[in-house]
């Protein structure tokens, strides 16, 4: 297929985009005209009478107001955001991508492209119905295919040529409306303000009518071909919405007052039959449906080409190409093929319902983007056209509400498709838009507001999780404890690491990032910084004191004990400082040869009256869950009475703390040093840390147990019993 596109493109003289020779359009030709002509299309001529006949005059006005309110809110939202950003090719796709990222833009842009393409098929079928009103003996499929061929030729030849044709069509539509409004007005005998919905229910009638107002993106889809999109899209779109609203209301009033409801429901060519000059309405039908189809054929390929430029669709390299005159010819050819399939398989009412869903999704997402940016209150969102927050909010809610009222099953399927597309595009790791998007800022704003709420409440023990503070003196020697730190913090904990250095800050940053990279790959939340200070202890003290005022601050100071005894004074100072700042403390003495063994069994040493067993239990539980091994509760006793009491204490602790079923109790008779040698074999031993740590004992415990040892001290904010 790629070779076929290349051959056609070469034959047509296509090449790479050359903006210097590209024709750009203004507000009237590039936005207003295609938008008006897309809105005043097949539904207006062939289905509006049926809507009035089923819903009655009042019901039809309600349906028009409801449909137009959604498109008006969306039009205002689109107008607002286009005065804030430099919109690229693809209209709504460009807006959503620049705001929520390429993944969100693509997941909505692909269905939007499909809806625009199906719209072209819808309008061609409408053109065929109008043609058959003049020549009833002509084969419908042949008429549709010939119409498609003419439209493709016009669109492939030149967008400028297509725009000029639309000026002629606008005059013809105007004459057809004048002919209808000047008809012989004889009021109906019985005026039903509210119809009986004999042919379909309210929401089904609404679904069939809604595509009549969905042309508001016709101008935005041409964004890549406009001289000044920021100026043209808001003005042209809003004027088109307002003028077409007046036309639709006027048509509904005339039909309701002067045409019998039975005739409206049964005769889709009623506008032709009742007009002063029926042939003008027939010409108007042909002109309107032809122009609407032409507008969709011009817009759809540009959406596909914009999607392809960012690699969001298959064969992106082929579809992204433009000719020297800025035409997305390959995308046009593919779109034309899709339209043919839709024409052959399509049905006017079924296509209308499908298009309604896809447009509602796109409109809803566009409104949501504007509402999010308004709610974030970021300085970068300062549109020259400001709209109240309720407009995008009700626009988004209204689109969602309408979807599920029209067809809940298809709405759920459509949303599932978008989620699937989002996941698929996320895995493609698309290159982000230049300048970034608001996703990161959006979550930061949410986090900020959540933090303000969280600040009103004290830290609860029930929400405790291990958030480690790591003072890293030499990043190169910390690679050993990283796996152990991962097993303490995974899956919900976090790590804040820092180092202190008087110079070579950039190199220290790189070393620290390299050290923490394995934790990031395990989806552990990691932060790091480098403090410029000549004294490691002073710099560390500043970090601890600064973090005390933070809402989301670490709760455990994690240290390592090395062989160098000069380190002891600094460790002692940091342990004291951590206690002042209500931080728990964990000091790791890693065995130089054994490290963490098989990473299975854990010995947790407990004393009945020790204040430091809560943090030890919580860390042991994290290790046990990640290692999948056995947890041994170990205690010592000097006599049988104390042994019985310790067994009772361990049993109660096991029950209240809901420890794993495989946990075992070991009460060892004798002194503590003797118990170390008699303790069950484990891969790590966890001990309490006293007010005045004995570093000689901590080093010795590693040798006596032949394992790595962790010494912990509670902050008072933990509880293993909640």
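Quick note: the coordinates plus some simple rules give every number you see, no bench work behind them. Bear in mind the structure is a predicted one, so any value in this text is a computation, not a measurement. Neighbour counts run over all protein chains shown; Cβ positions are idealised from the backbone, glycine included.
For the range 253-282 versus the range 302-338, the spacing of their alpha-carbon centroids is 41 Å.
Just to check, using Stokes-Einstein with a Kirkwood Rh over alpha carbon pairs, what's the diffusion coefficient of the range 461-713 at 37 °C and 0.692 mPa s in µm²/s? Mind showing how you got there, number by number?
Values: Rh = 18.8 Å.
For the chosen part, D equals 174 µm²/s.
Between the Cα long axis of helix 140-157 and the first principal axis of the chain there is an angle of about 70°, rounded to the nearest 10. Measuring between their Cα centroids, the range 124-142 and the range 167-191 lie 22 Å from each other.
Among 582-592, 653-663, how do they line up from the highest to the lowest mean number of other beta-carbon atoms within 10 Å? Walk me through the numbers on the way to the answer.
On the way: 582-592: 21.1, 653-663: 14.1.
Highest to lowest by the protection proxy: 582-592, 653-663.
Based on Cα contacts under 8 Å between residues 6+ apart, the chain shows a relative contact order of 17 percent. Take 24-35, 114-125 and order them by the average number of nearby Cβ atoms within 10 Å per residue, most first; the result is 114-125, 24-35.
Could you work out [θ]222 nm for the chain from helices alone, using -39500 (n - 2.57) per DSSP H run of at least four and dividing by all its residues? Round to the nearest 500 deg cm²/dmol.
On the way: 27 runs with 424 residues, N = 722.
After summing the helix terms and dividing by the residues of the chain, the value is -19500 deg cm²/dmol.
Cβ crowding within 10 Å ranks 399, 709 as 399, 709, fewest other Cβ atoms first. For the peptides 40-50, 293-303, the ranking by packing is 293-303, 40-50, with the highest mean count of neighbouring Cβ atoms within 10 Å listed first. Put the Cα centre of the range 90-119 next to the Cα centre of the range 209-248 and the gap is 17 Å.
Relative contact order of the range 461-713: what whole-number percent is it, with Cα pairs under 8 angstrom and at least 6 residues apart? Kindly include the intermediate steps, with their values, before the conclusion.
Working: 443 pairs, mean separation 48.0, N = 253.
Taking the mean separation of contacting Cα pairs over the length of the range 461-713, I get 19 percent.
FRET efficiency for the residue 141 to residue 337 pair, using the beta carbon distance and R₀ = 25 Å, is estimated at 0.95. Counting neighbouring beta carbons within 10 Å and listing from fewest to most, the residues 258, 113 come out as 258, 113.
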